[in-house]
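A quick write-up on the structure given underneath.
The values are calculated or read from the model by the stated rules, or taken from the named source; none is laboratory data. Treat the numbers as computed from the prediction; the structure is a model and nothing was measured. Cβ sites come from the backbone with ideal geometry, for glycine too, and all protein chains shown count toward neighbours.
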Amino acid sequence: MPIWMLLTVFFALLGLTFLTVFQAQFDLGNMEIVLSLLIATVKAGLVIAFFMHLLWDKPLNAIAILSSLIFVSLFLGFTLMDAQGYHERLIMDPNGDLLERSQPKGSLVKKSE
């Protein structure tokens, strides 16, 4: 593999790392994790394609790696969809300390008086 190609991928990875650090300075809400995972996926794709030589490997290896990435993204997606359901139950103060754990709506747990 030519040196110019390795250096191009290296500088692309370096630029994406700086982009990750730069975007962490902003409060993007729910989009913050989506953007971080997107940048990490692009970086992993570059490493897999060039440094692991997947571009020049047998197609079966590419199918195996891509299918595993699809399943990991599905598992992460289902986990993140479920995590939003528990967010309302925690009441935090501005310092990040847990003040109170609220009961889910329609809970059968009786509150003591």
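Given (1) at pLDDT below 85; (2) outside the structural domain of residue 7 (by TED's automatic domain parsing); (3) in a helix (DSSP H, G or I); (4) of a type in the set (Val, Ile, Thr), where does residue 109 come up short, assuming only one miss?
If we test residue 109 against (1) at pLDDT below 85; (2) outside the structural domain of residue 7 (by TED's automatic domain parsing); (3) in a helix (DSSP H, G or I); (4) of a type in the set (Val, Ile, Thr), just (3) comes out false.
How do the pairs read when you match residues in segment 1-27 that are assigned by TED's automatic domain parsing to the domain that holds residue 44 with residues anywhere that are loosely packed, with under 14 Cβ neighbours inside 10 Å and of a type in the set (D, E, K, R), using Cβ under 9 Å and keeping only pairs 6 or more apart or on different chains?
Going by the 9 Å Cβ cut-off, the qualifying pairs are 23/32; 24/32; 26/32.
Residues checked against (1) under 16 Å from the mean Cα position of the chain (by Cα); (2) at pLDDT below 90; (3) on the phi > 0 side of the Ramachandran plot; (4) part of a loop (DSSP other than H, G, I, E, B):
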position	(1), (2), (3), (4)
4	no, no, no, no
11	no, no, no, no
29	yes, yes, yes, yes
34	yes, yes, no, no
37	yes, yes, no, no
42	yes, no, no, no
67	no, no, no, no
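For residue 62, which of the numbered conditions (1) surrounded by 11 or more Cβ atoms within 10 Å (Cβ to Cβ); (2) outside the structural domain of residue 79 (by TED's automatic domain parsing); (3) of a type outside the set (D, E, K, R) fails to hold?
Just one mismatch for residue 62, condition (2).
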